[in-house]
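Here's the structure, in structure tokens; my notes come after.
Where a number appears in this text, it was derived from the coordinates with a stated rule and is not lab data. Computed from a predicted model, the values in this text were never measured in an experiment. Please note: Cβ atoms are built from the backbone with ideal geometry, for glycine as well, and neighbour counts cover all protein chains shown.
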Amino acid sequence: MLTSTSITKTIENNGKLTPEIALEMITEMPSQELFTLANEVRIRLHPEKTISYVVDRNINYSNICTSVCTFCAFYRKPGSADGYVLSHEEIFHKVEEMISIGGSGVLMQGGLHPDLPFEYYETLLRELKSRYKIYLHCFSPPEIDNFSKIYKMSVEEVLVKLKAAGLNSIPGGGGEILVDEIRRRRRTECNAQEWLYVMEVAHNLGIPTTATMTFGMGETIEHRIEHLERLYQLQEKTNGFIAFIPWTLQPDNTPLWKKYPDRVSGEEYLRWFALARIYLQNIKNHQVSWLTQGLDVGRKALHYGANDIGSTMIEENVISKAGANHKATEEMLREVIISEGFTPVKRNAGYHPLAIG
């Protein structure tokens with residue numbers, strides 16, 4: 001019979017949860033037992049009573065995209081009157097605004113643009129790095145995969161060039177659920193193996209990345225666990241994931257709205273957050289998505305496995321268009337952390353602590 005004691009012994013002996021045990025835990029274990037186990041993992045990996053956060057800006061350089069994902073309200077097809085590409089000067093202005101309020105870097109992503117020259121990206125990174133000396137956390141695996149295909153370069157060649165131009169790390173966007181049965185149904189352009197391959201190549205080149213999971217889009221419990229297992233296996237191989245961030249589908253203004261109008265509840269989110277913390281012990285940092293779940297759920301997650309509360313999200317254009325309208329300032333995040341009995345630590349997107357100033 002599954003007990004928290006037996007799971008604790010497995011964890012303490014550096015044992016890995018099997019998908020079968022994870023399934024039993026998520027379907028049968030009482031929430032408080034699950035939360036307690038996750039908190040014990042966090043305490044072991046982060047014995048200091050600190051919670052980290054970041055002040056950065058999510059710059060979406062273009063919304064033009066060839067991938068017609070049914071969960072996305074942000075993209076516009078090539079040729080659309082609502083499509084845009086930001087000029088370098090427009091991006092520089094956004095960066096200067098971010099720096100003026102204490103930001104340390106940018107999380108920059110866009111659609112899968114079919115026509116921009118590769119020089120647009122290389123020159124942009126070089127200019128951002130030379131002008132502002134900021135941390136560049138840019139281009140999701142689907143974007144990297146797209147660069148490889150349209151510019152007829154290998155993934156390694158693309159990443160070597162971007163790293164030379166100033167890229168520091170890669171966000172985990174486009175992970176959704178790493179099961180092609182689901183990805184094909186959602187019309188995701190980049191398949192699971194291509195996403196994982198980009199991450200593996202990046203890790204082997206010394207480029208750290210984050211990992212994500214988006215759930216609540218019609219996948220099964222088994223699909224979610226398979227996603228965790230695939231992340232676990234790649235991390236065992238490369239040790240290149242610096243953080244895991246799970247969030248939930250925001251269906252507003254997307255084709256999925258009529259099919260999945262109800263968002264994943266806070267309780268369900270917290271149960272999966274806790275299970276992921278226990279399952280993915282080989283990824284040190286776990287960030288709660290207050291953007292999709294709200295700060296009240298964020299508070300609770302700090303006691304259920306989270307050691308990071310994420311970004312102030314000075315700007316966010318993708319999830320917000322699908323109905324995620326939660327807002328937070330740096331002061332609000334610090335207040336939440338302090339009120340829950342922790343010490344706030346400001347960091348950059350690479351999870352390196354920064355002096356507050």
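Using Cα pairs closer than 8 Å and at least 6 residues apart in sequence, work out the relative contact order for the chain, in percent. Numbers along the way, then the final one.
On the way: 654 pairs, mean separation 86.9, N = 357.
That works out to 24 percent.
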**Per-residue [θ]222 nm for the chain (sum of -39500 (n - 2.57) over DSSP H runs n ≥ 4, rounded to 500)** = -13000 deg cm²/dmol
**Prompt:** Can you list the aspartates and glutamates whose alpha carbon sits under 19 Å from that of LYS9, skipping same-chain ones fewer than 8 residues off?
**Reply:** GLU20, GLU24, GLU28, GLU33, GLU40
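What order, most packed first, do the peptides 105-115, 300-310 have when packing is the mean number of other Cβ atoms within 10 Å of each residue? The partial results should precede the final answer.
Values: 105-115: 22.3, 300-310: 24.2.
Descending packing order for the listed peptides: 300-310, 105-115.
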**Asked** In degrees, nearest 10, range 0 to 90: what is the angle between the Cα axis of helix 266-279 and the longest Cα principal axis of the chain?
**Response** 90 degrees
**Asked** Taking the alpha-carbon centroid of each part, what is the distance from the stretch 93-139 to the stretch 267-304 in angstrom?
**Response** 28 Å
**Message:** Rounding to the nearest 10 and keeping the result within 0 to 90°, find how far the Cα-based axis of helix 221-238 lies from the longest principal axis of the chain.
**Reply:** 70 degrees
**Message:** Let me spell out the model: positive unit charges on the Cβ of Lys and Arg, negative unit charges on the Cβ of Asp and Glu, origin at the Cα centre of the chain. What dipole size does that give, in debye rounded to 20?
**Reply:** 220 debye
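Return the subset of LYS94/LYS129; LYS133/LYS161; LYS77/LYS149; LYS152/LYS237; LYS237/LYS284 for which the Cα-Cα distance in this structure is over 20 Å, preserving the input order. Intermediate values should be presented prior to the final figure.
On the way: LYS94/LYS129 14 Å; LYS133/LYS161 18 Å; LYS77/LYS149 18 Å; LYS152/LYS237 27 Å; LYS237/LYS284 15 Å.
Cα-Cα > 20 Å for LYS152/LYS237; rest within.
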**Asked** Picking from PHE215, PHE35, PHE118, which is most flexible by a Gaussian network model of the chain using Cα springs under 10 Å?
**Response** PHE118
**Fill in**
Taking Cα atoms, the helix 31-45 axis meets the longest principal axis of the chain at an angle in degrees (rounded to 10) of 70 degrees
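Going by average Cβ neighbours within 10 Å, how do the peptides 264-270, 208-214 rank, with the highest at the top?
In descending order of packing, they fall as 208-214, 264-270.
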